[in-house]
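The values are calculated or read from the model by the stated rules, or taken from the named source; none is laboratory data. What you are looking at is a predicted structure, and each value in this text was computed from that prediction instead of being measured. In this analysis, Cβ positions are derived from the backbone assuming ideal geometry, glycine residues included, and neighbour counts consider all displayed protein chains. SASA here: full protein model, heavy atoms, side chains in, ligands and nucleic acids out. Shrake-Rupley method; radii C 1.70, N 1.55, O 1.52, S 1.80 Å.
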Amino acid sequence: MSPSIPIETTDVIVCGCGPTGAMLSVLLGQHAVPNIVLERDKEVNTDPRGIALDEDGIRCLQTCGIYEKVFTEIGQCMGNFRFVGGEHNNLAAKPFMVMNYNTTEGGTGHPGFLCHKQPAIEKHLRARIDELASSDLRLGSIVTAIIEDEDWVYVTYKDSEGQEKRVRGRFLVGADGKTGFTRKRYLEPKGIHMERVTQILYEETWVALNWRMSLPTPETHPEFPLWAKGYTPQMVYDAFFPIDFRFLCNSKRAAVCGRFGLPSDRLWRFEFVVLPGEDGSNMAAPEKISEIVYPYITHPGSTYQLPTEHVQYPLDCIQVLRSRPFTFSARSCNMWANERVLLCGDAAHVFPPFGGQGIASGFRDAASLAWRLSLATQSTPTAAATPCYQKLFEGWYSERKQQLDRSLASTIENGRYVTQNNPFSIFIRDWYLWALQCVPSWKHWLEQGNRRDGMVRYQWQRGKGMAFLPHMGGGGNFAQVYCADHRATNDSNAIKFTDDVIFSYGKQGLFQVVAFLGSADDVPRLQTMLSGIDEASEGLLRANEATFFLRSTSAYSEDTIEHSTSVYRLATSEEFGATTLCNGRPKPEFYDPYRMSKEVGSKQFAILRPDRFVFAACDGGDELLEAARAITSLAAGTL
C-alpha cells in the first residue's frame with residue numbers, strides 16, 4: 001500500500017453486495033452504524049441463481065422494510081413440495097409425499113417458502129441501502145489488499161474508474177462468496193478454511209437450468225394440437241409447467257424442478273444430478289438438455305385423447321437463461337471470525353440444493369451479526385473502552401452453527417428422498433410413508449416439512465459468548481403474529497405484523513420489551529415493573545418503548561389507556577387475509593394468534609434481541625432488572 005493514498009474511515013467494511021452483504025448493510029444502516037460496501041460488479045447480476053427462500057428469509061426482508069415488494073415484485077409462494085417416485089418423466093404423477101409450504105404455521109406469520117428472482121431481491125435491498133444515510137454502496141470496487149492492526153482493518157481497492165483507494169474500518173465482513181478475496185486470499189493463509197460437515201457426507205455435481213417461457217397461441221402455432229381440445233395459451237403452459245415444486249426421486253437420475261419468480265415471469269428451474277463418469281460441462285450442453293429435460297415437456301398424445309404419439313411444448317417458446325454445472329456440498333469454515341475480520345453467507349458455509357437454505361442462511365448470519373456489530377462499534381455509555389467484541393462474535397458464530405446444523409439436517413432429509421437409488425430402500429421408504437399418511441395427524445406432521453420441530457431454540461454453551469439467559473427461557477426464536485391497535489374494529493388498515501410494531505422505526509433501544517396483558521387494566525401495573533430498566537441496561541432497553549399485547553383478538557372498547565402507550569390486540573387470520581398485506585400470498589392457514597406468549601411459556605415479559613430471538617422471558621420487576629443488567633454484561637463481554 002502506498003502511504004500517500006488518503007485513508008477514509010468508517011465503522012464496518014462489507015466486501016460483497018450479494019444478498020447477504022446487501023442485507024447486512026441495510027441492517028447496519030437501520031442501526032445507524034456507518035458502513036461501506038465494496039462490490040466488484042457494476043450492476044446487479046441478472047442470472048437467477050438461488051430461487052428459494054424460507055420464511056425466516058421472508059421475515060428478514062420484512063425487517064429491511066421491503067415486505068411490500070416480496071409477493072408483488074420478487075416472487076410467489078412455493079406451494080407444495082411434491083416428492084415423486086418412479087423411473088418416468090411424468091410431472092403429473094401422484095407424489096408419495098407432499099410437504100405443504102402454503103400454510104402459516106412456522107411461527108413467522110409468513111408462508112413456508114418463496115420462489116423468487118434473486119436479482120429482484122438484490123435490486124430492492126440495494127435501493128434500501130441508497131435510502132439509508134449510514135450505508136454507502138460502491139459498485140465496481142475490486143479489493144486488492146487487507147491488513148489489520150490492533151484497532152483497524154485497512155482495505156485497498158480499485159474503484160470503478162480504476163483509481164486505487166484506501167478505507168479503514170473497525171471491522172470487515174467478508175460476504176464475497178466462497179471464492180471471494182476475504183477468505184481465499186486473506187483468511188486461508190491464517191488457517192481459516194472450508195471443511196466438510198462431518199456428520200453429513202454430501203458432495204455431488206448438478207446441472208442447473210433456467211428457462212423463460214412465452215405462451216404459444218393459435219396465431220403463432222396454428223398446428224399445435226391442444227387448441228382443438230379447447231385449451232387456452234395459459235392452460236397449455238399450466239399443463240406442461242405445473243404449479244408446485246417437484247422433487248423427482250428417479251433412481252436413474254434425480255432431479256428437482258418448478259416455477260420461480262412472479263407468475264407473470266413464467267420462469268422455470270430444472271436441476272438434475274450428474275452421474276459418476278459424466279462431465280458436468282458436457283451435461284449442460286444443448287444436446288444433453290434435449291435428451292434429459294425435453295422428455296418432461298413431451299406428453300403422450302393419449303393424455304389428451306389425441307391420435308398423435310406425442311405432444312411437446314413448442315421449443316421456440318423457450319428461452320434458455322442458464323445451463324451450467326455446480327458442485328454442491330455441505331461445508332462450513334472452521335472459524336467464522338479472526339480478530340476484526342468476519343465471514344458470513346457463502347463465504348462461511350455452503351449448502352446442497354435440496355432445502356432452499358443458501359440465501360436464507362446468509363440472511364440469518366447478517367441479522368444475527370448486525371446488532372452485535374452495533375454494540376462492538378460503540379463505546380458503552382459509562383466507559384470509553386470498546387466492548388469485548390471477541391466474545392460477541394464467538395457467540396454469534398456459535399449460535400449460527402447450531403442453526404446451520406438444523407438447516408443442513410432439513411436439506412439432507414430432502415436430499416435423501418431425491419437421490420435414493422437402492423430398490424429395497426425405496427420400497428421401504430414408500431410403504432413407510434404410505435402407512436404414516438393413513439393417520440391424519442401423522443400426515444399433517446409430514447406435511448409440515450422442516451417446520452415440524454417448531455421454531456429454532458439455541459442450546460446454551462458456557463464460555464462461548466451466547467447472547468441470552470438460559471435460566472430465564474432465553475435462546476428461542478420469537479414468534480410473529482398479526483395485531484391491531486387495541487381499539488380497532490373492522491379496519492383492515494389497522495392490521496400489522498407484530499415485528500413492525502415491536503421494532504418500529506424511531507425506537508432508540510437496541511433491545512425491546514414485549515409485555516403480555518390479561519386485560520388493558522394491567523397496563524399501569526406492568527409499567528411500574530419496567531421502572532429502572534433504562535439505567536440497569538445503560539440505555540439498551542427503554543421502558544417507554546415497551547410494546548403491550550392483549551392476549552385477545554377482541555377490541556377493547558374502554559379508552560382508559562394513555563395514548564403514549566403502545567397497546568395492541570391480536571388479529572385473526574380472517575382479518576389479515578382481508579388486508580393488502582396478504583396480496584399475492586395464500587390466506588393464513590394453521591395460524592395461531594397466541595403463539596407469541598406460548599413460545600415464552602406465558603411469561604409476562606419478553607426481552608427481544610434485534611434478530612428476533614428472546615434474550616430473556618421474565619415475571620416481575622426483579623427479573624426484568626436482572627435481565628437488563630445482563631445485557632450490559634453482554635455488551636462488555638462478561639456475560
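Just a yes or no: is a residue in the stretch 616-623 open to solvent by 10 Å² or more (accessible area, probe 1.4 Å) and not in a helix (DSSP H, G or I)? So far as the stretch 616-623 goes, yes, one or more of its residues are open to solvent by 10 Å² or more (accessible area, probe 1.4 Å) and not in a helix (DSSP H, G or I). Going by the conditions given, is residue 308 over 30 Å from residue 396 (Cα atoms) and in contact with a helix residue (DSSP H, G or I) (Cβ under 9 Å, 6 or more places away or on another chain)? So residue 308 fits the description; yes.
Residues that are surrounded by fewer than 14 Cβ atoms within 10 Å (Cβ to Cβ), at negative phi, of a type outside the set (Gly, Ala, Ser) and outside any strand (DSSP E or B) within the stretch 297-308 comprise 303, 307, 308, listed in sequence order.
Could you count how many residues in the stretch 81-138 are small (Gly, Ala, Ser), over 16 Å from the mean Cα position of the chain (by Cα), surrounded by 20 or more Cβ atoms within 10 Å (Cβ to Cβ) and within 30 Å of residue 438 (Cα to Cα)?
1
Counting only residues that are more than 23 Å from residue 630 (Cβ to Cβ), open to solvent by 20 Å² or more (accessible area, probe 1.4 Å) and assigned to a helix (DSSP H, G or I), how many does the stretch 505-557 have?
4
Residues in the stretch 596-623 that are at pLDDT below 95, closer than 17 Å to residue 455 by Cα and not aliphatic (A, V, I, L, M): 597, 598, 599, 601, 602. Among the candidates 398, 361, 332, the residue that is surrounded by fewer than 24 Cβ atoms within 10 Å (Cβ to Cβ), modelled with pLDDT of 80 or more and touching a Leu at 6+ places or on another chain (Cβ under 9 Å) is uniquely 332. One residue stands out in the stretch 273-296 among those that are closer than 17 Å to residue 89 by Cβ and modelled with pLDDT under 95: the one that is most open to solvent (accessible area, probe 1.4 Å), namely 275. Residue check: residue 413 meets all listed conditions (1) under 26 Å from residue 330 (Cα atoms); (2) touching an Asp or Glu at 6+ places or on another chain (Cβ under 9 Å); (3) surrounded by fewer than 21 Cβ atoms within 10 Å (Cβ to Cβ); (4) at pLDDT below 90 but one, namely (2).
Take the residues of the stretch 342-356 that are part of a strand (DSSP E or B) and modelled with pLDDT under 90: which is nearest to residue 147 (Cα to Cα)? Spell out the reasoning first.
Restricting attention to the stretch 342-356, the residues satisfying the condition of being part of a strand (DSSP E or B) are 342-343, 349-350.
In the following step, the residues that additionally are modelled with pLDDT under 90 were identified as 349-350.
Numbers: 349: 23, 350: 26 Å.
Of everything passing the filter in the stretch 342-356, 349 is nearest to residue 147 (Cα to Cα).
Just one of the numbered conditions (1) under 30 Å from residue 154 (Cα atoms); (2) in a loop (DSSP other than H, G, I, E, B); (3) touching a Cys at 6+ places or on another chain (Cβ under 9 Å) is not true of residue 91: (1).
Residues being in a helix (DSSP H, G or I), open to solvent by 20 Å² or more (accessible area, probe 1.4 Å) and of a type in the set (D, E, K, R): count how many of those fall in the stretch 492-504. Lay out the reasoning, then the answer.
Pass one, the stretch 492-504, residues in a helix (DSSP H, G or I): 492-494, 498-502.
Narrowing the set further to residues that are open to solvent by 20 Å² or more (accessible area, probe 1.4 Å) leaves 492-493, 500.
Next, from what is left, pick out any that are of a type in the set (D, E, K, R): 500.
Qualifying residue count, the stretch 492-504: 1.
Has the stretch 268-285 got at least one residue that is touching a residue at least 60 places away in the same chain (Cβ under 8 Å) and touching a Gly at 6+ places or on another chain (Cβ under 7 Å)? Yes, the stretch 268-285 contains a residue that is touching a residue at least 60 places away in the same chain (Cβ under 8 Å) and touching a Gly at 6+ places or on another chain (Cβ under 7 Å).
For residues that are of a type outside the set (A, V, I, L, M, F, W, C) and closer than 26 Å to residue 394 by Cα, scanning just the stretch 600-615, find the one that is least open to solvent (accessible area, probe 1.4 Å). Within the stretch 600-615, the match that is least open to solvent (accessible area, probe 1.4 Å) is 609. Applying the set (1) over 30 Å from residue 289 (Cβ atoms); (2) in a loop (DSSP other than H, G, I, E, B) to residue 184 leaves exactly one unmet item: (2).
Any residue that is assigned to a strand (DSSP E or B) and in contact with a Leu (Cβ under 7 Å, 6 or more places away or on another chain) - is there at least one of those in the stretch 15-23? Walk me through it before giving the result.
Initial filter on the stretch 15-23 (assigned to a strand (DSSP E or B)): 15.
Imposing the further condition that a residue be in contact with a Leu (Cβ under 7 Å, 6 or more places away or on another chain) reduces the set to 15.
Yes: one or more hits.
Scanning the stretch 459-503 for residues that are touching a strand residue (DSSP E or B) at 6+ places or on another chain (Cβ under 7 Å) and hydroxyl-bearing (Ser, Thr, Tyr) gives 482, 498. Entry remark, the stretch 311-326: residues being open to solvent by 20 Å² or more (accessible area, probe 1.4 Å) and either under 16 Å from residue 231 (Cβ atoms) or out of contact with any strand residue (DSSP E or B) (no Cβ under 8 Å at 6 or more places or on another chain) (or both) number 3 in total. Within the stretch 309-322, residues that are assigned to a strand (DSSP E or B) reach partners that are open to solvent by 60 Å² or more (accessible area, probe 1.4 Å) with beta carbons closer than 6 Å, at six or more positions or on different chains, in the pairs 319/212; 321/212.
With respect to being over 30 Å from residue 455 (Cα atoms) and modelled with pLDDT of 95 or more, residue 39 fits the description. Note on the stretch 1-49: among residues that are surrounded by fewer than 19 Cβ atoms within 10 Å (Cβ to Cβ) and among the aliphatic types (A, V, I, L, M), the one that is farthest from residue 157 (Cα to Cα) is 32.
Taking interchain pairs and intrachain pairs at least six residues apart, which have beta carbon atoms under 9 angstrom, with the first residue in the stretch 523-550 and in contact (Cβ under 8 Å) with a residue 60 or more places away in the chain and β-branched (Val, Ile, Thr) and the second open to solvent by less than 70 Å² (accessible area, probe 1.4 Å) and part of a strand (DSSP E or B)? So the pair list comes out as 533/513; 533/607. The residue that is least open to solvent (accessible area, probe 1.4 Å), among those in the stretch 432-491 that are free of Cβ contacts under 8 Å to residues at least 24 places away in the same chain and hydroxyl-bearing (Ser, Thr, Tyr), is 441. The residue that is farthest from residue 585 (Cα to Cα), counting only those in the stretch 61-80 that are open to solvent by 20 Å² or more (accessible area, probe 1.4 Å) and part of a helix (DSSP H, G or I), is 63.
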